[in-house]
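Encoded as structure tokens, the structure appears first; notes follow it.
The values are calculated or read from the model by the stated rules, or taken from the named source; none is laboratory data. It should be emphasised that the depicted structure is a prediction, and the values quoted were computed from it without experimental measurement. Cβ placement follows ideal geometry from the backbone for every residue including glycine, while neighbour counts extend to all protein chains displayed. Each accessible area value is taken on the protein alone, full model and side chains, heavy atoms only, with ligands, DNA and RNA left out. Shrake-Rupley method; radii C 1.70, N 1.55, O 1.52, S 1.80 Å.
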Amino acid sequence: MKQIFRTSDLDVCRDGKTLVTEKLQELIDLAAQARGIALLEKGTYLTAALYLKSHMELRFEEGAVLLGTTDEEQYPVVPTRAAGIEMDWYPGILNCDGQTDVVISGPGMIDGQGEYWWNKYWGEDQKGGMRKEYDAKGLRWACDYDCMRVRNLVVMGSDHVTIRDITSYRSGFWNVHICYSSQIHVDGIKIAGCGKSSPSTDGIDIDSCDHVLVENCETSCNDDSICIKSGRDADGYRVGRPCHHITVQNCKIHAGFGVTIGSEVSGGVHDILLKQLQYHGTDCGFRIKSSLPRRGYIRNVLVEDLQMVNVKYPFHFCLNWNPAYSYCDLPEDYQGEVPDSWRKLLEKLPESVPLTQVSDITIRNVEARCEDDYEGISRAFHIEGYAQMPISQIRFEHVKLDCKEFGVINYVKDMEWDQVQVSVSEERNAANDDYDNR
């Protein structure tokens, strides 16, 4: 039987007001040395970054909350990958970096106190903050990187990690970021507390990983619900680490932008299985996004057994997504400092590197419908490849869509339909061509 080390053993304060980072790290280190269990008993623990170690379990009791401090001076700046670029940035509140055989479990919560971080980006009125300043300077593409925000949980360069039953709440940036890792199991976690004022609060991001299973999870956020990535532009291409053999199954997807591949796909994505997913009130069902600078590839993807209710875009594939964010160029009159992260973003890949190649996508056994009182967007298809590099070999089998409008399909080669039934009640609304260009 594994030895259990409890927060009460070290008299760790649980009032949510006293910073207890050092005490919690001591508890973690003791459990790791004994290959045992660090138990967070019921209470609220105010903390900065914590680091798990190999051959241990961090277990949350019900009612145990890791509350991320909003005192930015408490967080170190560490080498990591942020939104597809290797750079120095804040770590997570809870981190598993370069470790093996780690379990994070229990019905507790990581609370990122997101409002502080969201206001840093948008301002309290959602019209100001760093974003307003950067937009005015023609630097919208740099804002997400310079406005450093804390993720709730980061698994980096690790293997054989299990994350089970916890809730990620009010994350400052991405909720759960799994990067450069292998043999990861995410089971029964919840993503919550990220309303419409919370920018880039992705649910679960799987980034240049292999052999990852995500199952029995429930997400509600304000960006991609579950997302598969592999690095951005020249930096992602340089790293060259594809994301592959990823399975997402038996999950419930609520508010959010859907289950997505992209936009960071410069290292490539292949052998993906998405199945048995239920959606309600989600922006997108299955989504693919890239851009002209990304390059990379997406291939060998199977999507099956999806049930969608009140989903705006059941299938949204956009390979020229959000140009203001995706195209990085210094304004002609810019005379300030150019940080290393900007240099990576500004680096252009040679023209000889092909645009994002999307091929071999099979979608089957899908139903999408709207409830009688639903008044939102309802577009069956929004699929746009490149004129010079069409999406190819995409198959729809046993698909039934009941939507307001058909939508658009452009630059696609070898699309196959087998028992596809589409009902459309209205004409195309061109205003719905533009989505997620924030």
- Starting from residues that are open to solvent by less than 10 Å² (accessible area, probe 1.4 Å) and small (Gly, Ala, Ser), keep the ones in segment 268-293 and report whichever is farthest from Pro242 (Cα to Cα). Gly285
- Query: Does Asp333 fit the bill of being modelled with pLDDT of 95 or more, assigned to a loop (DSSP other than H, G, I, E, B) and over 18 Å from the mean Cα position of the chain (by Cα)?
  - Reply: no
- Query: Does Asp88 satisfy the criteria of being at pLDDT 95 or above and open to solvent by 50 Å² or more (accessible area, probe 1.4 Å)?
  - Reply: yes
- Query: Do the conditions hold for Lys348, that is, is it surrounded by fewer than 17 Cβ atoms within 10 Å (Cβ to Cβ) and basic (Lys, Arg)?
  - Reply: yes
- Note on the structure: For segment 91-125 the number of residues that are open to solvent by 50 Å² or more (accessible area, probe 1.4 Å), in contact (Cβ under 8 Å) with a residue 60 or more places away in the chain and in contact with a helix residue (DSSP H, G or I) (Cβ under 9 Å, 6 or more places away or on another chain) is 1
- Message: Filter segment 209-229 down to the residues that are in a strand (DSSP E or B) and either of a type outside the set (Ser, Thr, Tyr) or at positive phi (or both) and list them by number.
- Response: Asp210, His211, Val212, Leu213, Val214, Glu215, Glu218, Ile226, Cys227, Ile228, Lys229
- Subset tally (residues that are within 18 Å of Lys17 (Cβ to Cβ), in a strand (DSSP E or B), of a type outside the set (Val, Ile, Thr) and free of Cβ contacts under 8 Å to residues at least 60 places away in the same chain) for segment 29-49: 3
- Which of the residues that make up segment 419-438 are assigned to a strand (DSSP E or B) and without any contact (Cβ under 8 Å) to a residue 40 or more places away in the chain? Gln419, Val420, Gln421, Ser423
- Item | Test result for Tyr297, out of contact with any Phe, Trp or Tyr (no Cβ under 9 Å at 6 or more places or on another chain), touching a residue at least 60 places away in the same chain (Cβ under 8 Å) and open to solvent by 10 Å² or more (accessible area, probe 1.4 Å) | yes
- When segment 53-87 is checked residue by residue, the ones that are without any contact (Cβ under 8 Å) to a residue 12 or more places away in the chain and within 22 Å of the chain's Cα centre (by Cα) are Pro79
- Task: Residue by residue through segment 46-74, note down the ones that are crowded, with 16+ Cβ neighbours inside 10 Å and out of contact with any strand residue (DSSP E or B) (no Cβ under 9 Å at 6 or more places or on another chain).
- Result: Thr70
- Task: Looking only at segment 158-166, decide whether some residue is surrounded by 20 or more Cβ atoms within 10 Å (Cβ to Cβ), within 19 Å of Ala83 (Cα to Cα) and modelled with pLDDT of 95 or more.
- Result: yes
- Any residue in segment 135-150 that is touching a Gly at 6+ places or on another chain (Cβ under 9 Å), among the acidic types (Asp, Glu), at pLDDT 95 or above and open to solvent by 40 Å² or more (accessible area, probe 1.4 Å)? no
